[in-house]
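Bear in mind these aren't lab numbers, they're just calculated from the coordinates by the rules spelled out. Quick caveat: nothing in here was measured; it's all calculated off a predicted structure. Please note: Cβ atoms are built from the backbone with ideal geometry, for glycine as well, and neighbour counts cover all protein chains shown.
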Amino acid sequence: MVTDSGSAPLFDLTSDTFTVKERYTIEELRTIMAFLRSENGCPWDKVQTHDSIKKNLLEEAYEAIDAIESGDPVLMADELGDVLMQVVFHTQMASEQAAFDFDTVVSNICRKLVSRHTHLFGQDQADTPEAVLDNWEKNKLKEKGFASQSQVLDDVPRSLPALQRAFKVQQKAAQVGFDWDNPEGPKEKILEELEEIREILDQTREQIARAEITAEQAGRAVAAEVGDLLFAVVNYARHLKVQPEIALTKTSDKFIRRFTEMEILAEEDGKDLDELTLNELDALWEAAKAGEKTRDEEPV
């Protein structure tokens, strides 16, 4: 039976029940979602499952992050609404299966906020943000019943973007002192990993020539070393207080802007990029960089 999270059946609702208006409540959102999933609801919404829409939650979260980065409060409110809709969608599906409902989700997060802020709702002390995080992790460890730090590391979701997962794994390892004292350690590790990549490239070329390994096996060996390099770069970024996922996203955006400017400059000369030599492309790239720097330095 489709209900509004345990309230009265919604079979008597129709599309005429709902109207476009300026403001709604969370209960109205839950009712709309329950109706969309009902017999009289939307053909697409009512056939979805947790699995079929799980990637939507990730996509909406990323769009919310973009909105936060933009600093536009109107866009932020809109995108956070999309994230909330995903939560309500999943809880509605769960309530139909008598697995859990929206109130269960709310109760769980409220309980977690109280039980992990023991410096406010318990006997712990925490006068700094760092101390608060230490208490949070200690209480989380206790709640989950972990007996070892390796369980804590293994609990970091594999579905996270690889850079962010590496960042969090390193943070968890650092909680028991397995960490460099300063950024110089990971910086030296980067140089070490670069050298190991050079060595594995030389080694696998020779092994392929002697028919000792296949090209596929060589590729796996090189990929493993490149993974070590990326892990070291994340570690270095962490010590510099830089979020690598965000930093790389901004650099990708910068690359796209400059590449776009390269195309514009080439078109102004009546040329296509694929007609140019590497030296000519490099010259356009430097021109795009110079133009970007000049615009950044212009007074507002």
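What base-10 log of the normalised intensity I(q)/I(0) is obtained for segment 184-239 from the Debye formula, alpha carbons as equal point scatterers, at q = 0.13, 0.16, 0.23 Å⁻¹?
So the normalised log intensities work out to -0.37, -0.50, -0.79.
What FRET efficiency would be calculated for the residue pair residue 292, residue 124, taking the C-beta separation as r and a Förster radius of 51 Å, to the nearest 0.05?
Plugging the Cβ-Cβ distance into 1/(1 + (r/R0)^6) gives 0.55.
Please identify, among 262, 33, 93, the residue showing maximal mean-square fluctuation in a Gaussian network model of the chain using a 10 angstrom Cα cutoff.
262
For segment 244-297, just the Cα set please: Rg and Dmax, both in angstrom.
Gyration radius and largest Cα-Cα distance of segment 244-297: 12.3, 39 Å.
How tilted is helix 102-116 with respect to the longest principal axis of the chain? Cα atoms for both, answer in degrees (0 to 90, nearest 10).
60 degrees
Could you tell me, in Å, what Rg and Dmax come out for the Cα atoms of segment 72-113?
Just the Cα atoms of segment 72-113 yield Rg and Dmax of 12.6, 39 Å.
Could you identify which residue out of 283, 34, 126 has the top mean-square fluctuation in a GNM of the chain using Cα springs shorter than 10 Å?
Of the options given, 283 has the highest mean-square fluctuation.
Evaluate the Debye formula for the chain with equal point scatterers sitting on the alpha carbons, no solvent, and hand back log10 of I(q)/I(0) at q = 0.07 Å⁻¹, in q order, two decimals.
At q = 0.07 Å⁻¹ the computed log10 ratios are -0.50.
What translational D, rounded to a whole number of µm²/s, comes out for segment 85-180 from Stokes-Einstein when the hydrodynamic radius is the Kirkwood one over Cα pairs, at 25 °C and 0.890 mPa s?
157 µm²/s
Mean projection of the alpha-carbon convex hull of segment 1-157 over all orientations, in nm²?
12.6 nm²
Could you list 260, 277 in order of exposure, starting from the residue whose Cβ has the fewest other Cβ atoms within 10 Å?
277, 260
Need the list of lysines near residue 241 for cross-linking: C-alpha distance under 20 angstrom, and skip anything on the same chain fewer than eight residues off.
Answer for residue 241, where 20 Å is the Cα cut-off: 168, 172, 187, 189, 250, listed by chain and number.
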